[in-house]
Amino acid sequence: MKPAILLIGSNGQVGRELSELLPRVGEVTALDRQGLDINQPGEIRRAIRACRPGWIVNAAAYTAVDKAESEESLARAINADAPSVMAEEAKKIGACLIHYSTDYVFDGTKASPYEEHDPARPQNVYGRTKLEGERAVRESGAAHLIFRTAWVYSTRGRNFLLTILRLATQREELKIVRDQIGAPTLSGEIARATTSILAKIAGGERGAASLPDVSGIYHMTAGGETSWNDFAVAILERAKAAPPDLPWLASATGGLPIIARRVTPISTSEYPTPARRPAYSVLSNVKLNRAFSVQLPDWRKQLDSIFANPPA
């Protein structure tokens, strides 16, 4: 019998992809923000108790990094308090909680990829509330898999990819930060990796008895590294070479031509924002590969994939 899976946050970037892939693993109940207000602990408890899933996949998050500086209570309610409640309920029914966190739990002062055991020192409210959520899940006693992701984007929603494409139809010059380094990660690849891991566990490759042994934090990001500036350059190079009738690309540009001619690198100090960002937040994925034989493609290949094989 396929396991029951409760997917929370099915309308987000990763959640939308998971809603398409998780049915391969189990019987999925998918709840978006209309179906479940995660600001209400009572609603979370009722949803979990009604479904009694074997897996709870939490793809909901407050991700407006700058806005979080002035909406700390809301960011904490979604990023910390809600996962805490989910973990408590998971523990009660013997379910496993899959939860996503972020590279922004680190301060960005390291010169090599961060490993899971490196000290977390978030520099902004978003990172702090995500770290609080991690700790609540870990301390709950529930079986859990926490996947830290980074620089997530997709062909839908709000993200750096779509912002660059929109701005490229409005300006001849784009000024983009060059001194923040990370690994742009496609939401579909996160969903595929997650689904692969759950399929292995559900299929008995890692049985229920071994689940406590693999509970913990794993980094799940694209291979390689780049700056926001170089990522923007790569996006525009591929967009200019892409067929003009790609549905998602036409939607992103509003059908307008790309007029951007230059992508000018600037420093973080030249583009001040309410929230501080880590200068270097590349994550090591060695532990993920060692535990589950899963490795996400290099960020360039991920970007290529959406232009070569556009989502429906």
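Would you check if there is a residue in the stretch 276-285 being of a type in the set (Lys, Arg), farther than 24 Å from residue 297 by Cα and out of contact with any strand residue (DSSP E or B) (no Cβ under 9 Å at 6 or more places or on another chain)?
Within the stretch 276-285, the first condition is being of a type in the set (Lys, Arg), and the residues that meet it are 276-277.
Going one step further and asking which of them are farther than 24 Å from residue 297 by Cα, we end up with 276-277.
Within this subset, residues satisfying the condition of being out of contact with any strand residue (DSSP E or B) (no Cβ under 9 Å at 6 or more places or on another chain) are 276.
Yes, the conditions are met somewhere in the stretch 276-285.
Considering only residues that are touching an Asp or Glu at 6+ places or on another chain (Cβ under 7 Å), of a type in the set (S, T, N, Q) and within 20 Å of residue 158 (Cα to Cα), which ones fall in the stretch 249-305? Before you say what the answer is, go through the steps one by one.
Residues of the stretch 249-305 that are touching an Asp or Glu at 6+ places or on another chain (Cβ under 7 Å), as a first pass: 259-262, 264, 267-268, 273-275, 278-279, 281-284, 287, 296-297, 302.
Applying the additional criterion that residues be of a type in the set (S, T, N, Q) yields 264, 267-268, 273, 281, 284, 302.
Hits for the stretch 249-305 are 273, 302.
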- Note on the structure: If we take the stretch 186-300, then helices (runs of 4 or more DSSP H) inside it with 3 or more residues that are among the basic types (Lys, Arg), surrounded by fewer than 20 Cβ atoms within 10 Å (Cβ to Cβ) and touching a residue at least 60 places away in the same chain (Cβ under 8 Å) are none
- Task: Would you check which residues across the stretch 147-168 are buried (at least 23 other Cβ atoms within 10 Å of the Cβ), part of a strand (DSSP E or B) and of a type outside the set (Ser, Thr, Tyr) and list them?
- Result: 148, 152
- Task: Could you please find all residues in the stretch 136-165 being within 21 Å of residue 88 (Cα to Cα) and either under 18 Å from the mean Cα position of the chain (by Cα) or of a type in the set (S, T, N, Q) (or both)?
- Result: 137, 140, 144, 145, 146, 147, 148
- Task: At least 3 residues that are surrounded by 23 or more Cβ atoms within 10 Å (Cβ to Cβ) in each: list the helices (runs of 4 or more DSSP H) lying fully within the stretch 1-102 that qualify.
- Result: 13-21, 82-93
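Against the condition among the charged types (D, E, K, R), within 13 Å of the chain's Cα centre (by Cα) and more than 25 Å from residue 74 (Cβ to Cβ), how does residue 192 come out, does it pass? Explain how you work it out, then say what you get.
Numbers: among the charged types (D, E, K, R): yes; within 13 Å of the chain's Cα centre (by Cα): yes; more than 25 Å from residue 74 (Cβ to Cβ): yes.
Criteria met by residue 192.
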- Item | Near pairs, Cβ below 6 angstrom, 6+ apart or cross-chain, from the stretch 109-130 (over 16 Å from residue 65 (Cα atoms)) to any residue that is of a type in the set (A, V, I, L, M, F, W, C) and buried (at least 16 other Cβ atoms within 10 Å of the Cβ) | 113/282; 113/283; 114/106; 114/283; 116/217; 120/105; 120/131
- Out of the stretch 103-134, which residues are of a type in the set (Ser, Thr, Tyr) and out of contact with any strand residue (DSSP E or B) (no Cβ under 6 Å at 6 or more places or on another chain)? 104, 109, 112, 126, 129
- Task: Collect the residues in the stretch 12-36 that are within 17 Å of the chain's Cα centre (by Cα) and farther than 17 Å from residue 83 by Cα, keeping them in residue-number order.
- Result: 13, 16, 17, 18, 19, 20, 21, 22
- Message: I'm trying to understand the selection: among the residues of the stretch 103-122, which are touching a helix residue (DSSP H, G or I) at 6+ places or on another chain (Cβ under 6 Å) and surrounded by fewer than 24 Cβ atoms within 10 Å (Cβ to Cβ)?
- Response: 116, 120, 122
- Item | Test: residue 171 is over 14 Å from the mean Cα position of the chain (by Cα) and assigned to a loop (DSSP other than H, G, I, E, B) | yes
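Any residue at all in the stretch 160-172 that is of a type in the set (Lys, Arg) and farther than 21 Å from residue 250 by Cα?
There is no residue in the stretch 160-172 that is of a type in the set (Lys, Arg) and farther than 21 Å from residue 250 by Cα.
No value in this document is a laboratory result; all are computed from the given coordinates. Treat the numbers as computed from the prediction; the structure is a model and nothing was measured. Every residue, glycine as well, gets a Cβ built from its backbone with ideal geometry; the counts of neighbours run over all protein chains shown.
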